[in-house]
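The structure under discussion appears below in the form of structure tokens.
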Amino acid sequence: MSTTPLPTSFAPRTGEQVTAHEASTSGQVAAAAQRAAEAFTALRTTSPAQRRDWLRAVADSLEAHREELAHLADEETALGLDRLTTEIERTVGTLRFYGDVAREGSFLELAIDDQPPLARINQGMGPVAVFGASNFPFVLGVVGHDTSSAIAAGCPVVAKAHDAHLGLSLRLAELVEKALADAGAPTGTFGMVVGFDAGVELVRHEAISAVAFTGSEAGGRAIWRAAQEREIPVPVYAEMGTVNAVVVTPAAVPDLASIAEGFVNCYTNCSGQYCSKPGLFFAPRGSDAAAHVARALEAASPQPIMLTEAIADSVRAGLAAMSEEGAEVVLRVGDDDRGWSAPAAVLSTPSSAIFEGSRLLEETFGAVAVVTEYDDEQELSRALEVMQSALIAAVWTPETGPDDLAPQVIEQLSRKVGRVVTNGWTTGANASWGMQHGGPWPATSNPQGTSIGAASLNRFVRPVSFQSTREEWLPEGARRENPWQVTRRVNGVLEPSPHVAR
């Protein structure tokens, strides 16, 4: 490997070093990938019920250590104990949810036909490399949605520790490996490597069959390229995020003051470090929307502390770039000299300044948002059309009564994002059956995938059909007696599992 700085985490509040750890060597990366490959031989034939039990064991371990984990995470992220404790609880719930999804079995898409004799079933693809996010150290970290959904689908995981919360990543890996071993999971079901170069080598290792990534567009593109340059390319499910829009229709203007307050609370929450943070606010001309948002921002008076020094620097750089492009900084607050601090701000620009390729349409990962007013539905439609595709968008409309514009906006946004929220905010994505957390490129590298929700298991399986095959030679889960008791179709007729996840 090339010589790179020692992986190190820092305390965002002070800038002081917290944890340093040697990077994994090439041999250690290869060994982790090989252990995962050996574990896959066992995992691909284990029942969903067994995998559910493993995930429950991990959930129990995190729950038992939640106080320790929250304090460690707070030291490295400055996200606050309340927020982090809640995030641990969500992660515990997520692990149990994906276990229940596996047990119910509809992700297997099991189908049995009599003529000709066919059995079709989804099977795990193989070891998955997971790159977690800086901003959600638990639910999107080394043991978050990607890891738990991959194991639920029957795939071992090799995670890459995140430098921003390195000490936490190392501790989580210890807890996960022990919980899985105690529950009877094969060695190699979960492993971890440390360091930038180790992550690149992991993606390129022939044992890795898929990659899941949550982070910046630059990072996601780099991993996607590395995976495609392999002799045998593998799918990359990169959740990269872009600018998520909020649209206020003319009919909702009477509620603009309260909407603006909610908008500020949303885009400044946790210093604006959400991939689902709203960053572009559309309101009708003459509504004085920027002033409403600025008043709400002044009242909130946030003091953002960013996860890393690089993120703090990027907030200032983003503000400068948008100002140079003509956006007016209406209000800037909260910038000081503490650790990795950065400003919170609201900018204003006419919708005519929104054009394809504009810096105003690029994400600034922090408590920064742009407000623009539109003259009519044609101008709004044009602005929405040139926006980059995103994860989520929100539309504000009266709860009752007519609103001719809202259906048009919802339909247009549905072509650009993975989820449209009406009279709600873009942040918040719960593990559930109906959740879609994805979107067209560049929001994600694969718009058919979701990194959150029951359908996330689908990323890590592929279908195989067995024709005229003896019953005893079929994979256990595909046999007619349905030993796994999963949801299936027999000659087209749906037979629900008796273990429906709730």
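The values are calculated or read from the model by the stated rules, or taken from the named source; none is laboratory data. If you're wondering where the values come from, they're calculated on a predicted model, not measured in any experiment. Using ideal geometry, Cβ is built from the backbone for each residue, glycine included, and neighbour counts are taken over all protein chains shown.
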- Of the residues G144, G154, which is surrounded by 24 or more Cβ atoms within 10 Å (Cβ to Cβ), modelled with pLDDT of 95 or more and touching a Lys or Arg at 6+ places or on another chain (Cβ under 8 Å)? G154
- Task: Go through the stretch 46-165 and tell me which strands (runs of 3 or more DSSP E), entirely inside it, have 1 or more residues that are more than 30 Å from K277 (Cβ to Cβ) and touching a Phe, Trp or Tyr at 6+ places or on another chain (Cβ under 8 Å).
- Result: 118-124
- Query: Looking at the stretch 400-502, what strands (runs of 3 or more DSSP E) fall wholly within it and have at least 1 residues that are closer than 30 Å to F136 by Cα, of a type in the set (D, E, K, R) and without any contact (Cβ under 8 Å) to a residue 60 or more places away in the chain?
  - Reply: 419-422
- Query: What about A36, is it buried (at least 16 other Cβ atoms within 10 Å of the Cβ), more than 24 Å from A102 (Cβ to Cβ) and of a type in the set (G, A, S)?
  - Reply: no
- Note on the structure: Here the residues within the stretch 371-383 that are buried (at least 21 other Cβ atoms within 10 Å of the Cβ) and out of contact with any Ser or Thr (no Cβ under 6 Å at 6 or more places or on another chain) are E373, L380
- So which of E76, E63 is charged (D, E, K, R) and touching a strand residue (DSSP E or B) at 6+ places or on another chain (Cβ under 7 Å)? E76
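Matching residues to (1) of a type in the set (D, E); (2) in contact with a strand residue (DSSP E or B) (Cβ under 7 Å, 6 or more places away or on another chain):
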residue: L307; (1), (2): no, no
residue: E328; (1), (2): yes, yes
residue: L331; (1), (2): no, yes
residue: D336; (1), (2): yes, no
residue: S381; (1), (2): no, no
- Message: As an exercise: evaluate V236 against (1) touching a residue at least 40 places away in the same chain (Cβ under 8 Å); (2) aliphatic (A, V, I, L, M); (3) surrounded by fewer than 24 Cβ atoms within 10 Å (Cβ to Cβ); (4) in contact with a strand residue (DSSP E or B) (Cβ under 7 Å, 6 or more places away or on another chain) and give the number of the one condition it does not meet.
- Response: (3)
- Message: Test of understanding: among E87, E67, which residue is free of Cβ contacts under 8 Å to residues at least 60 places away in the same chain and either under 18 Å from S148 (Cα atoms) or under 22 Å from the mean Cα position of the chain (by Cα) (or both)?
- Response: E87
- Query: Filtering the stretch 67-89 down to residues that are over 18 Å from S341 (Cα atoms) and of a type in the set (S, T, N, Q), which residue is surrounded by the fewest Cβ atoms within 10 Å (Cβ to Cβ)?
  - Reply: T86
- Would the stretch 96-109 turn up any residue that is among the acidic types (D, E) and surrounded by 18 or more Cβ atoms within 10 Å (Cβ to Cβ)? yes
- Item | Test: residue in the stretch 462-478 that is touching a His at 6+ places or on another chain (Cβ under 9 Å) and at pLDDT 95 or above | no
- Message: For the stretch 37-49, check the following and say yes or no: at least one residue is touching a residue at least 60 places away in the same chain (Cβ under 8 Å) and touching a Leu at 6+ places or on another chain (Cβ under 9 Å).
- Response: yes
- Item | Candidate set: the stretch 322-337, residues that are more than 29 Å from the chain's Cα centre (by Cα) and either part of a loop (DSSP other than H, G, I, E, B) or not assigned by TED's automatic domain parsing to the domain that holds A369 (or both); chosen: the one surrounded by the most Cβ atoms within 10 Å (Cβ to Cβ) | A327
- Query: Among the residues of the stretch 275-304, which ones are surrounded by fewer than 24 Cβ atoms within 10 Å (Cβ to Cβ) and within 30 Å of T8 (Cα to Cα)?
  - Reply: S276, P302, Q303
